[in-house]
Amino acid sequence: MTNDVLDTINNRRSIREFLDKPVSDDILSQILEAGFRAPFAAQLCSVIYTRNREKMKNAGITVYPTVPVHMIFFIDLVRLEKIMTHRGHEYGYDDMMAIWLGMQDVVLMIENLTIAAESLGLGSVLYGLTPLRADSIAKTFNVPKRVFPVVGISIGYPDPAEETEIRPRIPLEMAAFEDEYRNHSDEDINICMKKMDTGFIAQGYYIKSRTKVELVDKEDTIGFDKYSWSEHISRKFRSAFRKGDPLLDILRRHGFDLK
Ligand SMILES: Cc1cc2nc3c(=O)[nH]c(=O)nc-3n(C[C@H](O)[C@H](O)[C@H](O)COP(=O)(O)O)c2cc1C
């Protein structure tokens, strides 16, 4: 069984090359509105969007070269605290829990927005390292403390000249379980890796994008032709942020009370 919504979801892929075609205010309002229609825990989300490349640069955001609009999604505790003050209440919540709820609000909103954009013929790509740019983002966009960037997303009309394929996923039965968690066997893990690795290698993903996480403490014996998704994700989680947890420091610097 299928329908337009399922087709839109199932055919979505990240877009990294955009046409030189502006995204109108009307379209932007529509997709933002769709984002804000997502279910919410506490409406702890705000968005700043910009078409200004100078601002993106000043904010330390490296977007793909042809991006027309970039959005940053924030966890926003300031608006809630102001509402509470109006009602004569003082904030006494656990900041970690508030961040968690804010994260839930942000991810639901961003997925709604992504699908809405897709349904209107636009494409998008997310940027996961955005929180590490919190200092320059705050300075550039006048963002107060206790409002913190979670993720960035670029939006625009896909360039049809750029071939974009549907990327593989880990098989559903390896990640969706009825009643009980599946404690993956070696064979299960091989099935997961094979599906992802053969898919990404067949699409030439890492060869085309020249993406590779450098190894700092181990000899690199894998060429781009054999560099796979499981190698990529393993390298990322092996060496990045090994020297402490910068995100925690950044969050504290931005006014969050985290022990
Ligand atoms: C939270 C998040 C952060 C991401 N960060 C980046 C990024 O910094 N750069 C990038 O090119 N793609 C980024 N992506 C896109 C993923 O690489 C992409 O979604 C994944 O490879 C699956 O491909 P697909 O979206 O085409 O299905 C991100 C995706 C998510 C959900």
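Tally the residues that are part of a helix (DSSP H, G or I) and closer than 15 Å to Phe74 by Cβ, restricting the search to the range 27-48.
Let us first name the residues in the range 27-48 that are part of a helix (DSSP H, G or I), namely 27-36.
With closer than 15 Å to Phe74 by Cβ added as a condition, the list becomes 32, 35-36.
The qualifying residues number 3.
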### Task
Could you please find all residues in the range 176-200 being aliphatic (A, V, I, L, M) and either on the phi > 0 side of the Ramachandran plot or more than 14 Å from the ligand (Cβ to nearest atom) (or both)?
Ala176, Ile189, Ile191, Met193
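Can you name the residue in the range 189-231 that is β-branched (Val, Ile, Thr) and out of contact with any helix residue (DSSP H, G or I) (no Cβ under 9 Å at 6 or more places or on another chain) and is also surrounded by the most Cβ atoms within 10 Å (Cβ to Cβ) among such residues?
Of the residues in the range 189-231, the ones β-branched (Val, Ile, Thr) are 189, 191, 198, 201, 207, 211, 213, 216, 221-222.
Okay, now just the ones that are also out of contact with any helix residue (DSSP H, G or I) (no Cβ under 9 Å at 6 or more places or on another chain), so 198, 221.
Details: Thr198: 13, Thr221: 7.
Among those that are β-branched (Val, Ile, Thr) and out of contact with any helix residue (DSSP H, G or I) (no Cβ under 9 Å at 6 or more places or on another chain), it is Thr198.
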### Positions within the range 190-233 being among the basic types (Lys, Arg), over 17 Å from Ser14 (Cα atoms) and in a helix (DSSP H, G or I), in sequence order
Lys194, Lys195
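Would you mind stating whether Gly102 is in contact with a strand residue (DSSP E or B) (Cβ under 7 Å, 6 or more places away or on another chain), within 13 Å of the ligand (Cβ to nearest atom) and more than 25 Å from Asp197 (Cβ to Cβ)? Before the answer, list the steps.
Numbers: in contact with a strand residue (DSSP E or B) (Cβ under 7 Å, 6 or more places away or on another chain): yes; within 13 Å of the ligand (Cβ to nearest atom): no; more than 25 Å from Asp197 (Cβ to Cβ): yes.
When the stated conditions are applied, Gly102 does not pass them.
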### Message
Cβ-Cβ under 6 Å, sequence separation 6+ or interchain: first residue in the range 87-98 and of a type in the set (Gly, Ala, Ser), partner surrounded by 10 or more Cβ atoms within 10 Å (Cβ to Cβ). Which pairs?
### Response
Ala98/Leu77
### Query
Can you name the condition, by its number, that Glu111 falls short on among (1) under 27 Å from Lys21 (Cα atoms); (2) in contact with a strand residue (DSSP E or B) (Cβ under 8 Å, 6 or more places away or on another chain)?
(2)
### Query
How many residues does the range 114-145 hold that are in contact with a strand residue (DSSP E or B) (Cβ under 9 Å, 6 or more places away or on another chain) and among the charged types (D, E, K, R)?
2
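Every residue, every condition in (1) surrounded by 15 or more Cβ atoms within 10 Å (Cβ to Cβ); (2) more than 16 Å from the ligand (Cβ to nearest atom), yes or no:
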| position | (1), (2) |
| --- | --- |
| Pro22 | no, yes |
| Ser29 | no, yes |
| Ala34 | yes, yes |
| Pro39 | no, yes |
| Val47 | yes, no |
### Message
Tell me yes or no: at least one residue of the range 145-168 is touching a residue at least 24 places away in the same chain (Cβ under 8 Å), open to solvent by 30 Å² or more (accessible area, probe 1.4 Å) and over 30 Å from Met196 (Cβ atoms).
### Response
yes
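For the range 3-26, how many residues meet the condition of being part of a loop (DSSP other than H, G, I, E, B) and in contact (Cβ under 8 Å) with a residue 60 or more places away in the chain? Walk me through how you get there before you give the answer.
Just the residues of the range 3-26 that are part of a loop (DSSP other than H, G, I, E, B), to begin with: 3, 12-17, 19-24.
In the following step, the residues that additionally are in contact (Cβ under 8 Å) with a residue 60 or more places away in the chain were identified as 12-17, 19, 21, 23.
So the answer is 9.
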### Message
Yes or no: the range 120-132 includes at least one residue that is more than 25 Å from Gly60 (Cα to Cα) and modelled with pLDDT of 95 or more.
### Response
yes
### Task
For Pro131, state whether it is within 15 Å of the ligand (Cβ to nearest atom), closer than 22 Å to Glu111 by Cβ, outside any strand (DSSP E or B) and of a type outside the set (S, T, N, Q).
yes
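Considering the range 72-100 alone, what residues qualify as being aromatic (Phe, Trp, Tyr) and open to solvent by less than 40 Å² (accessible area, probe 1.4 Å)?
Phe73, Phe74
The values are calculated or read from the model by the stated rules, or taken from the named source; none is laboratory data. Predicted model only: the values in this text are computed from it and were never measured. All Cβ positions, even for glycine, are placed from backbone atoms using ideal geometry, and neighbour counts span all protein chains on display. Quick note on the areas: whole protein, heavy atoms, side chains included, nothing else; ligands and nucleic acids left out. Shrake-Rupley method; radii C 1.70, N 1.55, O 1.52, S 1.80 Å.
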